[in-house]
Amino acid sequence: MLLSSKIAAIVTGGASGLGEATARMLAAQGCSVSIFDMDSERGEKIAHEIKGLFVSTDVSDPNAVATSLKTARAEQGQERICVCCAGIAPGAKTVGKEGAHDAALFSKTIEINLLGVFNMASQSAAGMVKTDPLPSDERGVIINTASIAAYEGQIGQLAYAASKGGVASMTLPMARDLSRNNIRVMAIAPGLFLTPMLQGLPQDVQDSLGKTIPYPDRLGDPAEFAALVKAIVENPMLNGEVIRLDGALRMAPK
């Protein structure tokens, strides 16, 4: 699929980090971009800067997702690209100082990171299937964000790893489901990236984390995540796969 002014895109979690970089990249390529996020202040600011649309959205609520999609489509048309970056990364062990892992926290993580992706991807696909194919013969591309924690979850990442493992496992069957509709589904599993969560750490800690990556021995730049999104959109043979974007990092237990 060629990125152009004729293409509408939606990015969840587009108000910061990987999502922001992706929204900026798509807008720079001429796409009409809608940012779905809970951070209204920052979301509005970025949407204004990229001449896009901000829609306050709780991806864990399927009704909220449906309403937000209706709003975005009324303004920019049916999205052909859906990139799901919204997520949370709580830390808690299976058994901690206060006892068993908080079930509510585990459930919340699954609701946002896994069900949120399902809600967005499935409802976006439902809109895509009703459209005519583009000149490339595609109807759309869905790109979800997993994590290398899906494969090497660390101590304290029980809920996060479970949620991202679900995203990774969902990729192939969703791609197979939508293949007859000419819709591709991919996932990216990023490693350590310089997102707001890591930016809040002292510089020496950031540098230390970066040195754990074989090559390049630094934290990933969100623009590199966005560059992979672009490559996936533009390459029709990329389908049904989870791509690790981690500089050959394999996470240690802690």
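The values are calculated or read from the model by the stated rules, or taken from the named source; none is laboratory data. Note that this is a predicted model, so its numbers are computed, not measured. Because the Cβ atoms are built from the backbone with ideal geometry, glycine has one as well, and the counts that use them run over all protein chains shown.
Only residues that are more than 15 Å from the chain's Cα centre (by Cα) and either outside any helix (DSSP H, G or I) or not aliphatic (A, V, I, L, M) (or both) were counted in segment 170-183, giving 8. Looking at segment 94-105, is at least one residue at pLDDT 95 or above, in contact with a His (Cβ under 8 Å, 6 or more places away or on another chain) and not in a helix (DSSP H, G or I)? Yes, that holds for at least one residue.
Checked against (1) touching a helix residue (DSSP H, G or I) at 6+ places or on another chain (Cβ under 7 Å); (2) modelled with pLDDT of 95 or more, A89 passes all but condition (2).
In this entry, V65 passes the filter for residues that are among the β-branched types (V, I, T), within 27 Å of D132 (Cβ to Cβ) and either part of a helix (DSSP H, G or I) or within 17 Å of the chain's Cα centre (by Cα) (or both).
Figure legend. Inter-residue proximity from segment 240-251: first residues β-branched (V, I, T), second residues crowded, with 18+ Cβ neighbours inside 10 Å and assigned to a strand (DSSP E or B), beta-carbon distance below 6 Å, spacing 6+ or different chains. Indicated pairs: V242/A187; V242/A189; I243/I188. Total residues in segment 108-160 satisfying the condition of being among the acidic types (D, E) and closer than 17 Å to V65 by Cα: the figure is 1.
For segment 124-148, the candidate set comprises residues that are modelled with pLDDT of 95 or more, of a type in the set (S, T, Y) and in a loop (DSSP other than H, G, I, E, B); within that set, the residue that is nearest to G220 (Cα to Cα) is S147. In segment 13-25, the residues that are modelled with pLDDT of 95 or more form Cβ pairs under 6 Å with partners that are polar (S, T, N, Q), at six or more places apart or across chains, as follows: G17/T195.
When we screen A74, A121 for residues that are aliphatic (A, V, I, L, M) and surrounded by fewer than 17 Cβ atoms within 10 Å (Cβ to Cβ), the only hit is A74. Taking the criterion of being touching a helix residue (DSSP H, G or I) at 6+ places or on another chain (Cβ under 6 Å), among the hydrophobic types (A, V, I, L, M, F, W, C) and within 30 Å of S107 (Cβ to Cβ), would at least one residue in segment 200-207 satisfy it? Scanning segment 200-207 turns up no residue that is touching a helix residue (DSSP H, G or I) at 6+ places or on another chain (Cβ under 6 Å), among the hydrophobic types (A, V, I, L, M, F, W, C) and within 30 Å of S107 (Cβ to Cβ).
Each residue in segment 26-44 was checked for being surrounded by fewer than 21 Cβ atoms within 10 Å (Cβ to Cβ), in a helix (DSSP H, G or I), touching a residue at least 12 places away in the same chain (Cβ under 8 Å) and not small (G, A, S), and 1 pass.
Taking the condition out of contact with any helix residue (DSSP H, G or I) (no Cβ under 9 Å at 6 or more places or on another chain) and either over 30 Å from M128 (Cα atoms) or touching a residue at least 40 places away in the same chain (Cβ under 8 Å) (or both), does D217 pass?
So D217 fails the test.
Of the residues making up segment 197-226, just one is surrounded by 14 or more Cβ atoms within 10 Å (Cβ to Cβ), in a loop (DSSP other than H, G, I, E, B) and of a type in the set (D, E, K, R), namely R218.
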